[in-house]
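The block underneath contains the structure these notes are about, expressed in structure tokens.
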Amino acid sequence: MKETSEDIITQLIVDQKTFFATQQTKDVHFRLSQLKKLKSSIIKNRSAIEDALWKDLHKSPEESYITEISVVIGELNHHIKHLKKWTKAKRVPTPFYLFPSRSKVIFEPLGLSLIIAPWNYPFQLLINPLIGSISAGGCSIIKPSPYTPTVASIIENMITDIFDPKYITVIQGGRSVNTYLFKQQFDIIFFTGSTNVGKVVMKAAAEHLTPVILELGGKSPCIVDANANIDIAAKRIAWGKLINAGQTCIAPDYLFAHSSIKDELLTKIAANFKEIYSNNSKESRFYPRIVNKHAVNRLDGLLKQGEIHTGGEVDIKERFISPTIIDKVEPDFLIMQGEIFGPILPIMSFNHIDEPISYINKKDKPLAFYYFGTNKQAKSVLSKTTSGGVCINDTIMHIANHNLPFGGVGSSGMGKYHGKESFLAFSNRRGVITTPTWIDLPLKYVPFKHFKWIERIV
């Protein structure tokens, strides 16, 4: 795919800043019309989007719709329904010593946003933050991942067809384009990707004091306790691990199983692997592929330590790795040093819940956390750990609620989005106090004649 030149990027930034200055994007009716145009285009191009996801990642149309298209349409519907309410100024209380002033918060767009998406959910993770920018009233330069070129091309065609490039436009390219973009001044940068690149983004943004939202990743732990419903846990862990062949930032990265139920749990997870994708997952039209051969080679290198319980088949040419469970994993193994991002589930066991809690708390803060057990024990576990999001007795599903903020903490990211949080992410919450002129109390003025009264009331 042809990379966008530096000259074109520079001009697009100038054009978008000029267009934003016309104030057109701040009108709520303008924003709603743009959201509706985007929704109509997605519905119109659904088949093309699904075909592109199949070509780049071997995602079935069903999985593409459930994990990408429907998520975006649901987000659009939510914003279209609530935007007028979100944009209204919010009255807030005013302390009595400021009488007769009144206070409010108004929501204004930050301005020009740069949105950079990863390859694992190349449609959803680009368009979802764009919805937030449109709702907030900003302009956007968006950049798809070059590792999913078919999807990137479809997105460019859609955006070009429905939006003026002075308002929203697509930039194409790899690392060199990213490097140039990071040197430019934006009003907000929204980046989804790895923690290492997130550090690069944040460092570059600091040069201009640009606010950032970083949706990163990490090793999201899953604990299955002795009193968990093993059948349900096995089914939901298998499902959550294998969506997009494990190439999901909130997939259960590794599993802590209570020693009393570990063998039964692993047997049932393996059985669910086969039930979902049959005995020959390579032939299943529902089983996605790894994004490229480099990623396959990296994942293959993680299979060398521990004991293969299930799977372990690798076909580099087909970009295929079978659903795999690795038992008897030790903390110093290579597979435990970084995010797996593939269909491999390493297993460690414990006898007391303090063991996994201690291990997890010594590591970087994860994007997601999964616990299977009683609600009472779950409450205790949550109080002793932290993460971006949590599911109790499930995996992945916290991402499906528009009313929950989504994002990381620490090295797994900063900033939240989804639903109203997306609107707020691209907005400046501007505090306003309005004071009438019919009275002018002397308390605040030099020489502070009534200072003793001031001490009592402030």
Legend entry - Residue-averaged [θ]222 nm for the chain, counting only DSSP H segments that reach four residues, each worth -39500 (n - 2.57): -12000 deg cm²/dmol
Inset, instruction - Among H29, I66, V151, flag the residue with its Cα farthest along the positive direction of the charge dipole of the chain, charges on Cβ as +1 for Lys/Arg and -1 for Asp/Glu. - result: H29
Legend entry - Cβ-defined net charge surrounding M336, 10 Å radius [Lys, Arg +1; Asp, Glu -1]: -1
Inset, instruction - Give, in nm to one decimal, the length gained when the segment between I457 and Q23 is fully stretched (0.36 nm per residue of separation minus the Cα-Cα distance). - result: 152.1 nm
Inset, instruction - Just need the Rg to Rh number for the range 37-167, please, alpha carbons only, Kirkwood Rh. - result: 1.13
Legend entry - Percent RCO, i.e. relative contact order, over the chain, from Cα pairs under 8 Å lying at least 6 residues apart: 18 percent
Legend entry - Stretch in the chain that is longest and holds no trypsin sites (Lys or Arg not before Pro) that DSSP places in a loop and that have at most 14 other beta carbons within 10 Å: 184-284
Inset, instruction - Using Cα positions and a limit of under 20 Å, work out the aspartates and glutamates in reach of K104, with same-chain residues fewer than 8 apart set aside. - result: D27, E421
Inset, instruction - Can you tell me how much longer the chain between K444 and N280 gets when fully stretched, taken as 0.36 nm per residue apart minus their C-alpha distance, in nm with one decimal? - result: 51.2 nm
Legend entry - Length-normalised contact order of the range 53-112 in % [C-alpha pairs under 8 Å, at least 6 apart]: 21 percent
Legend entry - Per residue, the convex hull volume that the Cα atoms of the range 221-400 enclose (Å³): 106 Å³
Inset, instruction - Let me know the charge dipole size of the range 19-84 about its Cα centre in debye, to the nearest 20, where only the beta-carbon of Lys, Arg (+1) and Asp, Glu (-1) is charged. - result: 480 debye
Legend entry - Two-decimal Rg/Rh across the range 137-188, once Rg and the Kirkwood Rh are taken from alpha-carbon atoms: 0.97
Inset, instruction - Could you check the simple spin-label distance between R430 and A48, using points 7 Å along Cα→Cβ, in nm with one decimal? - result: 3.8 nm
Legend entry - Potential extension, D263-T160 segment - 0.36 nm per residue separation minus Cα distance: 31.7 nm
Inset, instruction - Grab the other residues whose beta carbon is less than 12 angstrom from that of A378, score K and R as +1, D and E as -1, and report the net. - result: +1
Inset, instruction - Pull up the DSSP beta bridges for the range 221-400 and report the antiparallel fraction as a percent, rounded to 5. - result: 20 percent
Legend entry - Net charge dipole size for the range 221-400 [Lys, Arg +1 and Asp, Glu -1 on Cβ; Debye, nearest 20]: 440 debye
Legend entry - Under the Karplus curve 6.51 cos²θ - 1.76 cosθ + 1.60, θ = phi - 60°, whole-Hz ³J(HN,Hα) for the range 397-412, x wherever Gly or Pro sits: 5, 5, 6, 8, 9, 4, 8, 9, x, 10, x, x, 8, x, 6, 8
Inset, instruction - Please work out which option in (i) 24; (ii) 14; (iii) 29 gives percent of Cα pairs over 39 Å apart calculated from these coordinates, and answer with its label. - result: (iii)
Inset, instruction - Evaluate the charge dipole of the chain about its Cα centre and quote only its size in Debye, nearest 20, assuming +1 on the Cβ of each Lys and Arg and -1 on the Cβ of each Asp and Glu. - result: 2000 debye
Inset, instruction - Apply 1/(1 + (r/R0)^6) to the Cβ-Cβ distance of K104 and L404, taking R0 = 30 Å, and write down the FRET efficiency to the nearest 0.05. - result: 0.65
Inset, instruction - Please give the net charge around G174, taking every other residue with its beta carbon less than 12 angstrom from that of G174, where Lys and Arg add +1 and Asp and Glu add -1. - result: +2
Inset, instruction - Could you sort out which of K55/K183; K39/K84; K26/K81 sit more than 29 Å apart by Cα distance in this structure? - result: K55/K183
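Every read-out reported here was derived from the displayed coordinates using simple, explicitly stated rules and does not represent laboratory data. Here the structure is a predicted model, which means the values were calculated and not measured. Using ideal geometry, Cβ is built from the backbone for each residue, glycine included, and neighbour counts are taken over all protein chains shown.
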